[in-house]
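The values are calculated or read from the model by the stated rules, or taken from the named source; none is laboratory data. Just so you know, these numbers come straight off a predicted model, no measurement behind them. Methodologically, a virtual Cβ is constructed for each residue, glycine included, from the backbone with ideal geometry; neighbour enumeration extends over all protein chains shown.
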Amino acid sequence: MAARIGGDEFAVLTRPGNPHSPLHQQVEHRLTHLSMPILWGGQLLHLSASAGIAETRDPYGFDADALFAAADAALYAAKHAGRNRVRRAMPEMARAFM
């Protein structure tokens, strides 16, 4: 499920993924496709996006606010690192926003 959460930020909720293709790699793959130039109205547009990833091993017993805060912290770390970056949330990121 994907949802716009404000401005130019979106959240994506997924089920456990393919163990042979970790989520981080899947997101990087999508960002690569998103960054391909698009011809629109006779102009070549260049898009970029950054992503923050937070995961939980327990789909029923997690703290949604802490998970969202961790993903948000990872997103800002990705933005700080430059364009088209992906950063995975570290446990201390969630605690910093609690």
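Filtering the stretch 17-39 down to residues that are modelled with pLDDT under 85 and either more than 15 Å from the chain's Cα centre (by Cα) or aliphatic (A, V, I, L, M) (or both), which residue is nearest to Met90 (Cα to Cα)?
Filtering first and then ranking leaves Leu23.
Tell me, which residue of the stretch 44-56 that is assigned to a loop (DSSP other than H, G, I, E, B) and free of Cβ contacts under 8 Å to residues at least 40 places away in the same chain is surrounded by the fewest Cβ atoms within 10 Å (Cβ to Cβ)?
Taking the stretch 44-56 first, the residues assigned to a loop (DSSP other than H, G, I, E, B) are 46-50, 54-56.
Those still in the list that are free of Cβ contacts under 8 Å to residues at least 40 places away in the same chain too: 46-50, 55-56.
Values: His46: 9, Leu47: 12, Ser48: 11, Ala49: 17, Ser50: 20, Glu55: 16, Thr56: 14.
Per the criteria, the residue is His46.
Among the β-branched types (Val, Ile, Thr) and under 17 Å from Glu9 (Cα atoms) - does that describe any residue in the stretch 26-34? Talk me through it step by step, then tell me what you get.
First, the residues of the stretch 26-34 that are among the β-branched types (Val, Ile, Thr): 27, 32.
Filter once more, so that each one left must be under 17 Å from Glu9 (Cα atoms): 27.
Yes; the residues of the stretch 26-34 include at least one that is among the β-branched types (Val, Ile, Thr) and under 17 Å from Glu9 (Cα atoms).
Do you know which of the residues in the stretch 57-86 that are part of a loop (DSSP other than H, G, I, E, B) and in contact with a helix residue (DSSP H, G or I) (Cβ under 6 Å, 6 or more places away or on another chain) is modelled with the lowest pLDDT?
Among them, the one singled out is Asn84.
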